[in-house]
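Structure first, commentary second.
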Amino acid sequence: MLRMKKGDPARPRNGLQTRWFYALFFLSGLTALVYETAFARQLQLIFGSTLSAVSVVIAVFFGGLALGAVLIGPKADRYSPLRLYGLLEIGIGLWAIVAVLLIPVIRGLYAHMSANLDLPTAAQTSLQVTLSVVILLPATILMGATLPALSRGMTRTMGHRFSRIGALYSMNTIGATAGTLLCGFLLLEHLGYLKTIIAAMAVNFAIGITAFILAPRNTPNGSQTEPSASQATAAPLNDPGTTKSGLRSVLLIIAAISGFAALGYEVVWFRTLAFTVVTDTYAFALMLGIYLLGIGAGSMVAARRFRALKHQMNASRAWFELGLAELLVALAVVLGFSILVWLGTELPKPTTIDPVYWAKTLRNTSIQAVVLILPATLVLGYIFPLIVSLYAASIRRLAGQVGRVTACNTSGGIAGSLAAGFLLIPLAGIQKSLLILIGFSMAVGVAALLCGPIERRRRTFGLLLTVPVAGVMFLVYPMRADFGFKQIASHEKARLLYYRESADQTVMVTEDLGDRGVRRLLINRQQATSTYLPGQRKNHLMGHLPLWACPGAQTALVICLGSGGTFGALGLYDLDRVDCVEICSAVIDAASFFTEWNGNVLERANTNIIIDDGRSYLLTTGQTYDVITLEPMHPGLKGVSALYSVEFYQEAKRKLNDNGVLCQWVPLYSMSAQDAKALLATALAVFPQTGLWLVGSEGILLCARDSLQLDWVWLTGHLSNPKIKDVLKKVHLDDHWTLLSGYLLGPAGMKEYTRNAPLVYDDRPFIEYTIPRHQHIFPWDAILALSKTRESPVSIIRGIPPAELDDLGSEWRGRKATWYARDQGFAAIALGDYATAYRNFEIVLANDPTDSYAAHFLKEIYWRYGVELSRQQRWAEAVQLYARAAALQPDDPKGHFYLGVALNNAGRISEAIAALERCLALQPDFDEARKFLRNITR
């Protein structure tokens, strides 16, 4: 029977049983984090990864925990608590089975309602909440009741509650740490989400059955549930000073505010670490694991300390420690943040060519997360069992009391995470947000010291301690308007043009110091795009190439704005509608710094911006398109694999009109050849008519819904359009052969190249785990092997008279070796071998003097060597190299400026004046050239 006899707490009979229940609660925490990770991921694939969608899932998950603690938790005061715990665990496993079956139904329902009802934002969010409740709430309500149930079942007397509640909370949280690390480093990569959930279900059933077997049966004589006189002396927290309703209300408020600060800190800490660590799946698992480990270890310290103190732990002491602990949280947060900022410049950073790059990256991530997170979470972990033990007044109602405190703490955590993401960071920035949360911790500490039944001497000492704590905060807390910019490794070689800490990302635009003046768009610390020529060449090719393959296109969709190069390229054409989906509004604002390359596309009448997650938009929109392009962040970053999975391509294919095409960016750097093959094979599995283009070390997939063909007549006609030709000339793509030069593989070649490569599925996105381990690999050997054996594009070209096809094929064969030499030059530059690059680009220009792209890079190599010779004051040799550079691109004003400076230093003044005058003729506002010319002509 589950129901207890009157007065029977049904507790473990001996220490062995107690240890068993601790072990079971450890496993409960482990499975809870497995479910949170797995189901949150599944729902994000439906709702998207926008901050609002993610916040809905988190709020429902934690809201369920709070409801379970306050609604079901008190049941343990009336029923056998340990058997109730067993039933809760079995119920969690059973609902996980139901949730797995419901996920596809939820996906279809959400897609249908969103596409057909044209829901406004508020209604869309309400729908997300409702569907999240269906999937998550039943299981999380059961999870929320487990701590109250075990607290009641494991606590023999009121004197034991400090140590038992602390130990239980500790074991559960450390189990959650294990679940986080297992998911991040092992389970999801090798088992996938479904098998991981099934494994967690099996563990839940085992926990429940074991708990039911171990739970003591009802004892006929009953056992004492209220403390005897001696026990009351041993645990005087059950005195009138503690149980006053006013003080108990204060404790609930403290629990809520403490939870608010704890989850608020987590949000801000993770955003802070995003500046200094690569935010891949491993880094996220490490950061969350360290956060949970700190909480769990702090609770363990509390349990051991309470057990050691025994009779000495009274109300005065407990309230005093609560106040000091909150002050210590504030101090730990300040010191941790200050040390992290210092580490940002002092910690050695591995280079991607280091064979142990991944291991060193994990080391650095761990060091920074430990410094920032661990000290404060140790104290936060100490605080929770202290509050629960202070609030508990009767062992008969212990489960209900633990449930109320847990519910308040969890509800405060929900509010803290939402406030930090939606209000504090967007309005105050990361640094001020941290200060505001510190203020909450200090306020709670002062309130505990003022309100608690504390001895005067202790109260005075505690209150006076706030002064030095505030002083340390004022003295050591670093405050900079450009905090995030100073944390990136390249900040000393660049200047900041734009900086915005938005709700979900920190977006920066920087400009390199020096001659190139390359502008870069950074999201957190990751470069999204830049104005470096190869990147913009790739962006524009992604805009023009799909229209070449779909000449009748009238509608296009761009997923991920970046600098707007692809969006701008599509916007050049007379399409009826060009939509762009961008998840972060700050990226849209930053596009104004790239108008030279995007043509101020946001102001064009036929373009439209949509703020949403790209995959979720495809799922929910009723719109179909002729062309879809996407250029997300690197697929090795957390969550990006959702835009490279079989299911994503299937959804995209459903949104393509007949003869439509999808154009997908595939980076070939910072991953192994096997990783790259998996990405290519996955697209090919859904789009058998797929071709691969190469731009430097980046790939472009052109995936046709029906048949992959390129319209020669359409291309020829548009290349004669001055507006389009001028844009393409900037990226050296202004003739047929430069466009064709990147073609590597057609459908048949792709099939052969990717044979036996594994596919990326939503259930098992293994590339999120393999790519980060292979960031030190640059597979140039594989790229060059493809380049050397590149296929002829003639077979996929239409619109050419048969008589001209043979000439086209013959010309392609003549250019093939030249293109291979050019690719060898790019590889050499990437590897830092400029001598080899120099030789290969000279071969290219000897064979094809019209190759302006190769000329651009050879010019830059001449500049590089010219600078080195200038530093050595070998002016005659420097003049020769600068003269070659100026001859390669005579319309480049910088080339003539460098030549003029070198000629002046070589004593050839008249020639220097001529070079500088040529420079100013090309660019009249070149102030540096004008000043130099004025100085040498005085």
Hey, could you check the stretch 90-102 for residues that are open to solvent by less than 20 Å² (accessible area, probe 1.4 Å) and aliphatic (A, V, I, L, M) and say which is farthest from Ala202 (Cα to Cα)?
Ala99
Within the stretch 887-895, does at least one residue satisfy the condition of being open to solvent by less than 50 Å² (accessible area, probe 1.4 Å), free of Cβ contacts under 8 Å to residues at least 60 places away in the same chain and hydrophobic (A, V, I, L, M, F, W, C)?
no
Identity of the residue in the stretch 693-720, without any contact (Cβ under 8 Å) to a residue 60 or more places away in the chain and surrounded by 19 or more Cβ atoms within 10 Å (Cβ to Cβ), that ends up farthest from the chain's Cα centre (by Cα):
Arg705
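Yes/no matrix, rows are residues, columns are (1) free of Cβ contacts under 8 Å to residues at least 40 places away in the same chain; (2) under 27 Å from Ile796 (Cα atoms); (3) out of contact with any helix residue (DSSP H, G or I) (no Cβ under 6 Å at 6 or more places or on another chain); (4) not hydroxyl-bearing (Ser, Thr, Tyr):
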{"residue": "Leu547", "(1), (2), (3), (4)": "no, yes, yes, yes"}
{"residue": "Pro551", "(1), (2), (3), (4)": "no, yes, no, yes"}
{"residue": "Gln554", "(1), (2), (3), (4)": "no, yes, yes, yes"}
{"residue": "Leu572", "(1), (2), (3), (4)": "no, yes, no, yes"}
{"residue": "Val581", "(1), (2), (3), (4)": "yes, no, no, yes"}
{"residue": "Val601", "(1), (2), (3), (4)": "yes, no, no, yes"}
{"residue": "Asp613", "(1), (2), (3), (4)": "no, no, yes, yes"}
{"residue": "Leu619", "(1), (2), (3), (4)": "no, no, no, yes"}
Report the residue count in the stretch 864-889 for those that are modelled with pLDDT under 90 and either outside any helix (DSSP H, G or I) or aromatic (Phe, Trp, Tyr) (or both).
1
Being in contact (Cβ under 8 Å) with a residue 24 or more places away in the chain and open to solvent by 10 Å² or more (accessible area, probe 1.4 Å) narrows it down to one residue among Val333, Val329, Val278, Val268; which is it?
Val278
Please count how many residues of the stretch 524-559 are hydrophobic (A, V, I, L, M, F, W, C), within 24 Å of the chain's Cα centre (by Cα) and either at pLDDT 95 or above or open to solvent by less than 20 Å² (accessible area, probe 1.4 Å) (or both).
3
Among (1) farther than 18 Å from Leu881 by Cβ; (2) open to solvent by 40 Å² or more (accessible area, probe 1.4 Å); (3) in contact (Cβ under 8 Å) with a residue 12 or more places away in the chain, which single condition is Ala827 missing?
(2)
Identify all residues within the stretch 298-314 that are open to solvent by 30 Å² or more (accessible area, probe 1.4 Å) and either under 34 Å from the mean Cα position of the chain (by Cα) or hydroxyl-bearing (Ser, Thr, Tyr) (or both); write none if there are none.
Met300, Val301
Scanning the stretch 361-390 residue by residue, those surrounded by fewer than 23 Cβ atoms within 10 Å (Cβ to Cβ) and modelled with pLDDT under 90 turn out to be none
On the basis of being modelled with pLDDT of 95 or more, open to solvent by 40 Å² or more (accessible area, probe 1.4 Å) and aromatic (Phe, Trp, Tyr), does Phe284 make the cut?
no
Return the pair list, or none, for Cβ contacts closer than 7 Å from residues in the stretch 640-656 that are more than 19 Å from Asp280 (Cβ to Cβ) to residues that are open to solvent by 20 Å² or more (accessible area, probe 1.4 Å), at least 6 apart or on different chains.
Val646/Ala685; Val646/Leu759; Val646/Tyr761; Glu647/Tyr761; Lys653/Arg705; Lys655/Thr624; Leu656/Thr624; Leu656/Arg705
In the stretch 274-292, residues that are assigned to a helix (DSSP H, G or I) and either touching a helix residue (DSSP H, G or I) at 6+ places or on another chain (Cβ under 6 Å) or under 19 Å from Tyr382 (Cβ atoms) (or both) total 11
Just to be sure I understand, how many residues within the stretch 665-692 are without any contact (Cβ under 8 Å) to a residue 60 or more places away in the chain and in contact with an Asp or Glu (Cβ under 8 Å, 6 or more places away or on another chain)?
3
Return yes when Leu496 is modelled with pLDDT of 85 or more, surrounded by fewer than 22 Cβ atoms within 10 Å (Cβ to Cβ), farther than 30 Å from Leu328 by Cα and not β-branched (Val, Ile, Thr) and no when it is not.
yes
Close pairs from the stretch 58-84: first of a type in the set (Ser, Thr, Tyr), partner in a helix (DSSP H, G or I) and crowded, with 23+ Cβ neighbours inside 10 Å, Cβ under 8 Å, at least 6 apart
Ser80/Gly153
Taking the stretch 851-864 as the region of interest, how many residues are more than 30 Å from His736 (Cα to Cα) and buried (at least 20 other Cβ atoms within 10 Å of the Cβ)?
0
Every pair of residues 6+ apart whose Cβ atoms lie under 6 Å, when the first sits in the stretch 783-809 and is on the phi > 0 side of the Ramachandran plot while the second is charged (D, E, K, R) and open to solvent by 60 Å² or more (accessible area, probe 1.4 Å)
none
Looking at the stretch 624-635, which of its residues are open to solvent by 10 Å² or more (accessible area, probe 1.4 Å) and farther than 23 Å from Trp548 by Cβ?
Met633, His634
Test for Ser502: is it of a type in the set (Gly, Ala, Ser), open to solvent by 10 Å² or more (accessible area, probe 1.4 Å) and farther than 25 Å from Val731 by Cα
no
One residue from Ser585, Ser641 being crowded, with 19+ Cβ neighbours inside 10 Å, under 19 Å from the mean Cα position of the chain (by Cα) and of a type in the set (S, T, N, Q)
Ser641
In the stretch 910-933, is there at least one residue being assigned to a loop (DSSP other than H, G, I, E, B), touching a Phe, Trp or Tyr at 6+ places or on another chain (Cβ under 8 Å) and closer than 26 Å to Lys729 by Cα?
yes
Sort through Gly429, Gly400, Gly413 and tell me the only one that's touching a helix residue (DSSP H, G or I) at 6+ places or on another chain (Cβ under 8 Å), at pLDDT 90 or above and open to solvent by less than 20 Å² (accessible area, probe 1.4 Å).
Gly413
So is Leu465 of a type outside the set (Gly, Ala, Ser), in a helix (DSSP H, G or I), in contact (Cβ under 8 Å) with a residue 60 or more places away in the chain and open to solvent by less than 20 Å² (accessible area, probe 1.4 Å) or not?
no
Checking Ser433 against (1) more than 24 Å from Asp504 (Cβ to Cβ); (2) assigned to a helix (DSSP H, G or I); (3) small (Gly, Ala, Ser), which test does it fail?
(1)
Sort through Pro104, Pro148 and tell me the only one that's without any contact (Cβ under 8 Å) to a residue 12 or more places away in the chain and either under 27 Å from the mean Cα position of the chain (by Cα) or closer than 26 Å to Asn409 by Cβ (or both).
Pro104
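The values are calculated or read from the model by the stated rules, or taken from the named source; none is laboratory data. Keep in mind it's a predicted model, so treat the numbers as computed, not measured. Ideal geometry is used to build each Cβ from the backbone, glycine not excepted, and the neighbour counts take in all protein chains shown. With ligands, DNA and RNA removed, areas are computed over all heavy atoms of the protein, side chains included. Shrake-Rupley method; radii C 1.70, N 1.55, O 1.52, S 1.80 Å.
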